[in-house]
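One structure below.
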Amino acid sequence: MTLQVINSPFTEQQVKLLNEVIPNLTEQQKAWLTGYLSAATATSVPVVVQEVESAPVPVQTKDITILFGSQTGNSQQLAKKLAATITSEEHNVTVSSMSDFKVNNLKKLDHLFIVASTHGEGEPPDNAISFYEYLHSKRAPQLPQLKYSVLALGDTSYEFFCKTGIDFDERLKALGAKSIVPRVDCDVDYEEAANKWIEQVNSVLATTGNSAIIKPTNQISNVSKEYTRNQPFLAEVLEKINLNGRGSNKETVHLELSLEGSGLLYEPGDVLAIVPENNDQLVALLLTTLQFDGSQHVTVEGNEVVLQQALKQLDITALSKTLLSKFIPFTADEALAKLLEEREVLKAYVYGRDVIDVVQEFGPWTWTPQQFVEQLRKIPAREYSISSSYAAYPEEVHLTIGKVFYETADRYREGVVSGNIASNVEVGDQLAVYVKQNPNFKLAEPATPIIMIGAGTGIAPFRSFLQEREEQGVVGKSWLFFGDQHFVTDFLYQVEWQKWLQEGVLTNLNIAFSRDQKEKIYVQHRLLEQAEEVYKWIEAGAVIYLCGDEKTLGHSVHEALITVIEQQKQVSHEEATNYVKELQAQKRYQRDVY
């Protein structure tokens, strides 16, 4: 509001002064001034405003530490999001990877907030291993002064759901620390639960101090404006090629997608997530098995949709103890409850089976269509290592996707995304995608030697690494260990590796094709064969990268690296193990395993 001189009872100088003061008043000050002027007019007596020097209100400064344990970057992003909502002059906030945190400072902490994912079968992520082991060792101090809370990330399709976060929570309590916000366990669709935890943390911090710094949910969600699971980018398919030769028992798709107009960027080592849908044939079979009408309406997350469409979006292929426990109240068949009591039997049953199998084998069922969909979660996005460099292919992204297909219980099955891409997706189609940063798997500086170890589709990020180095024009030493089944049919991107080898972008190449001879040879065997040279590279500062399956490749290569150090450095197995752990702590041994 601006006062005008025309027809105003004020002089021009008074108007100028008022226009300087009024716009800068708060609503409370304006209300007080209105009351003051009314009182002065009504009494015709000057009202004296006496300035009283108020005593300064002491501000309680909190030292807040946020530690994250993250394999693919989700926990790190949430840790930063929490920090962004509580950072103020009244609080000293430190965000750190667990691998970078000095454990000797643990006893000095006042407030600690942990965001930790669970990797593999209940294991801490790589950058949390050292802190996890220290906290669970006899060296860990009593922490009666510590106030803390834990946000745990996991996947209910795994047996040890959120185990790392649970372990941190229980151990801190055992050491005498006080939980000020109850632990929250998040499934793969974690955003809503994580935001509520962040709000709870802010509320508690505000009530224990003199100044409230709560920020609403919409501000929390706006910390990152990237595309997400709920708001993906529709990327057009530019190219689709089967990388395997005729006669291979595999099908590996090289997929090129357009990012034009999205504004999406990525770095070597990052991940592209694809938002899946169940195929129509699988949904139709489930509806028939359930004896439900697919045109019936159900409500999912507050939205009314037809049942057939809801089942395209919900997870009907992954079985877990958590899901089967939800099914028990809807059947009188006691065999389902008994199945859940026997761990190994349950583990064998759920492997390769889906919801259709459960509906067929147990029952009869009492659920309604609405009750049924309420037991299911949304399909988790499928994440794939990006196999291209943005510098080499601006506004494009390439993926290397191995088709998952198998037969279980007399029924042919396909991976939700990989099967659809291999069997149905064509050039010109669109896929719903978003980029996920992978801060724990980053290409080293150009002059740094790199050792890349992968099998099958685990070769994907290394293609992006060398494309990036080729574009940079500064070539550091690089060494690729690659393995698959057969040289003739399964040497993925063979022409590109040979070209880079000839041009010097790739320094060394060692390959292992396990089925080309009677004795199976894997990449870990090639690593041991080159132990002396590998050790020289490591001692010269090389960064080691490992990409592939955790259960087979990941474990075997890790043990092989320990053996290389043990033999070449001539130290004990324990010392070699600690050496490899130190490489991980220094980010000179990075793993993208699944």
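Only the coordinates and a few stated rules stand behind these numbers; no lab work does. On a predicted model such as this, the values are computed, not experimentally measured, just so you know. Cβ placement follows ideal geometry from the backbone for every residue including glycine, while neighbour counts extend to all protein chains displayed.
Points to keep in mind about this one:
- Cα convex hull of region 62-221 - mean projected area over all directions, nm²: 8.6 nm²
- Neighbour counting of Cβ atoms within 10 Å sorts the residues LYS138, LYS321, fewest neighbours leading, into LYS138, LYS321.
- Mean separation of Cα pairs under 8 Å and 6 or more residues apart, divided by the residue count, gives the chain a relative contact order of 12 percent.
- Counting only the Cα atoms, region 450-593 fills a convex hull of 108 Å³ per residue.
- Compactness check for region 280-374: Cα Rg over 2.2 N^0.38 Å is 1.08.
- Taking LEU480, LEU583 and counting other C-beta atoms within 10 Å, the order from fewest to most: LEU583, LEU480
- Estimated FRET transfer efficiency when R0 is 25 angstrom, pair THR299-GLN231 (beta carbons, to 0.05): 0.75
- GluC sites (Glu not before Pro) within region 353-392, DSSP loop, no more than 13 other Cβ atoms inside 10 Å: none
- Rounded Å value of the spacing that divides the Cα centres of region 471-513 and region 376-425: 23 Å
- Oblate is the label for region 318-383. Its Cα gyration tensor axes, ordered a ≥ b ≥ c, give a/c of at least 1.5 and b/c at or above a/b.
- Ascending count of other beta-carbon atoms within 10 Å, so fewest first, for MET98, MET452: MET452, MET98
- For region 231-294, the set of trypsin sites (Lys or Arg not before Pro) satisfying both a DSSP loop assignment and a count of at most 10 other C-beta atoms within 10 Å is given as ARG246.
- Reach of LYS536 by Cα under 30 Å, taken over lysines that are not fewer than 8 positions away in the same chain: LYS102, LYS442, LYS477, LYS499, LYS520, LYS551, LYS569, LYS581, LYS587
- Gain upon complete extension [GLN309, VAL204; 0.36 nm per residue less C-alpha separation]: 33.7 nm
- Placing unit charges on each Cβ (+1 for Lys and Arg, -1 for Asp and Glu) gives region 324-477 a dipole about its Cα centre, and among LEU443, ASN420, ALA460 the Cα reaching farthest toward its positive end belongs to LEU443.
- Rounded to the nearest 0.05, the FRET efficiency derived from the C-beta distance between LEU265 and GLU496 at R0 = 30 Å is 0.85.
- Neighbourhood net charge (12 Å Cβ-Cβ; Lys/Arg +1, Asp/Glu -1) for GLN309: -2
- Enclosed volume per residue, in Å³, of the convex hull spanned by Cα atoms of the chain: 260 Å³
- The loop-placed GluC sites (Glu not before Pro) in region 400-446, going by DSSP, that have at most 14 neighbouring Cβ atoms within 10 Å of their Cβ come out as GLU426.
- In plain terms, the C-alpha convex hull of region 369-498 casts an average shadow of 11.9 nm² when viewed from every direction.
- Förster radius 60 Å - calculated FRET efficiency between ILE328 and ASN105 (Cβ-Cβ, nearest 0.05): 0.80
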